[in-house]
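J.: Structure below; questions to follow.
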Amino acid sequence: MAKEFMDEYENEEEQLFPLEDEEGNVENYWRLLSFPYKGAWYSVFQKADPETEEEEDEVVLFRTEGEGE
């Protein structure tokens, strides 16, 4: 599902991010979009390899910061 959102990018690998959960497990996520809100930037991510049907429909939202912020 996330792949269809990535079609507009020349290099879809640039939109794939390894994210670590609370238990230290690392999984790859697609960045679906980023947007500004009240002076900060936010990004929406979806699992690259969902394990269940529920995970196929789930997204996570993070406030994103540049290096050193």
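The values are calculated or read from the model by the stated rules, or taken from the named source; none is laboratory data. On a predicted model such as this, the values are computed, not experimentally measured, just so you know. Surface accessibility is based on the protein's heavy atoms, side chains included, excluding ligands, DNA and RNA. Shrake-Rupley method; radii C 1.70, N 1.55, O 1.52, S 1.80 Å.
J.: Scanning segment 57-69 for residues that are over 10 Å from Trp30 (Cα atoms) and modelled with pLDDT of 90 or more, which turns out most open to solvent (accessible area, probe 1.4 Å)?
T.: Just the residues of segment 57-69 that are over 10 Å from Trp30 (Cα atoms), to begin with: 57-58, 60-69.
From what's left, modelled with pLDDT of 90 or more: 57-58, 60-63.
Numbers: Asp57: 116, Glu58: 105, Val60: 53, Leu61: 105, Phe62: 93, Arg63: 140 Å².
Only one residue tops the list, namely Arg63.
J.: Turning to a different aspect of this structure: Going residue by residue through segment 9-31, is there one that turns out to be assigned to a loop (DSSP other than H, G, I, E, B), acidic (Asp, Glu) and at pLDDT 90 or above? Quick ask: steps written out before the conclusion?
T.: Initially, segment 9-31 is screened for residues assigned to a loop (DSSP other than H, G, I, E, B), giving 9-11, 21-25.
Subsequent filtering for residues that are acidic (Asp, Glu) retains 10, 21-23.
If we keep only those that are at pLDDT 90 or above too, we end up with 22-23.
Looking through segment 9-31, at least one residue is assigned to a loop (DSSP other than H, G, I, E, B), acidic (Asp, Glu) and at pLDDT 90 or above.
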